[in-house]
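Below you'll find the structure, written out as structure tokens, and then a few comments.
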Amino acid sequence: MDISLTAAVNTPRSQIQPLAAVQALRMGSGGSAVPGSREVWVASEVPVALVFNGISHAVMMATPQDLEDFALGFALSEGIIDSPDECRGIEVRQHGAGTPEAACVAEIEIAPRHFERLKQQRRTLAGRTGCGLCGIESLQALDLRAAPMPAPAWRDAVGVAEVLRPFGVLRERQRLNAHAGALHAAGWALPDGQLQDVLEDVGRHNALDKLLGRLARTGRLQQPGFVVMSSRTSYELVRKCARLNIGLLATVSAPTGLALQLAREAGIHLWAQCRPPEALRYV
């Protein structure tokens, strides 16, 4: 493992690694294999069970890194808890490192009143036909509306130069993706466009949850700043930002119609196709 890869992977060798080495054949344009195989890196994707107060709530397929941040961000962005101090503790356990059965369990302890609310939600959903969207159990549980958020004072000073600035360095900050590809990135930028944290995952919504959890854990969730992402703008990304009053979301690719509708309702400034020197600001 070279120095740059060591820097990208902050996981002890005894644990499940976020990247795995595999052999691949390089093929020529004529369909023949170039002599010899080469070692390449692929992103790991493992089941991560999210267990609240001893009750399993969801199993997500995720990159096994920064899972404490992921668990806290998920709890906040899915409305399970309303603030970070309502999370009493998080413990991540791993099973089967180095085997095809590798999996992780995130045990999250939350305040009793929020656990009762979570149990009530699960009772309401019990027995309904699953729709498979965003991890919910029924179409009735799909929340397609967003309450308008207060407009942050700092946002009026953010223009195209500030929005594009973090995208100039986002790719080089994607350390795992540089070796394996296939990983999304979620970053936090200050109002002047200075890129702070960058979290990666095979799932774009997982990457965002990791970022939101990191911000919450370090006490920066209410500070001025905006989210940048290497993906398209999808419904679930806007929904998560709306729940946590993130006033500006900027992405590399275009939004879906539903994402744009939700952003308008919430009052989120949505920027997309952010590829220097241009970006689109949706109104």
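Remarks
- Sub-9 Å Cβ pairs linking a first residue in segment 108-131 that is in the same structural domain as residue 74 (by TED's automatic domain parsing) and among the polar types (S, T, N, Q) to a second residue that is at pLDDT 90 or above and surrounded by 10 or more Cβ atoms within 10 Å (Cβ to Cβ), at least 6 apart or interchain, are 121/80, ordered by first then second residue.
- The single condition among (1) surrounded by fewer than 20 Cβ atoms within 10 Å (Cβ to Cβ); (2) farther than 16 Å from residue 114 by Cα that residue 51 does not satisfy is (2).
- The condition of being over 15 Å from the mean Cα position of the chain (by Cα), within 19 Å of residue 147 (Cβ to Cβ) and modelled with pLDDT of 95 or more holds for only one of 275, 264, 281, that being 264.
- Every listed requirement among (1) under 27 Å from residue 182 (Cα atoms); (2) at pLDDT 90 or above; (3) β-branched (Val, Ile, Thr); (4) in contact with a Lys or Arg (Cβ under 8 Å, 6 or more places away or on another chain) is met by residue 110 save one, (1).
- Residue 231 of a type in the set (Ser, Thr, Tyr) and without any contact (Cβ under 8 Å) to a residue 24 or more places away in the chain: no
Here is a yes/no grid of residues against (1) of a type outside the set (A, V, I, L, M, F, W, C); (2) part of a loop (DSSP other than H, G, I, E, B); (3) under 16 Å from the mean Cα position of the chain (by Cα); (4) modelled with pLDDT under 90:
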| site | (1), (2), (3), (4) |
| --- | --- |
| 12 | yes, yes, no, yes |
| 15 | yes, yes, no, yes |
| 26 | yes, no, no, yes |
| 29 | yes, yes, no, yes |
| 35 | yes, no, no, yes |
| 42 | no, no, no, no |
| 56 | yes, no, no, no |
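- Yes/no for residue 89 being surrounded by fewer than 19 Cβ atoms within 10 Å (Cβ to Cβ) and either at pLDDT below 90 or part of a helix (DSSP H, G or I) (or both): no
The values are calculated or read from the model by the stated rules, or taken from the named source; none is laboratory data. Nothing here was measured: the structure is a model prediction, and the numbers come from that model. Cβ atoms come from the backbone with ideal geometry, glycine included; neighbour counts cover every protein chain shown.
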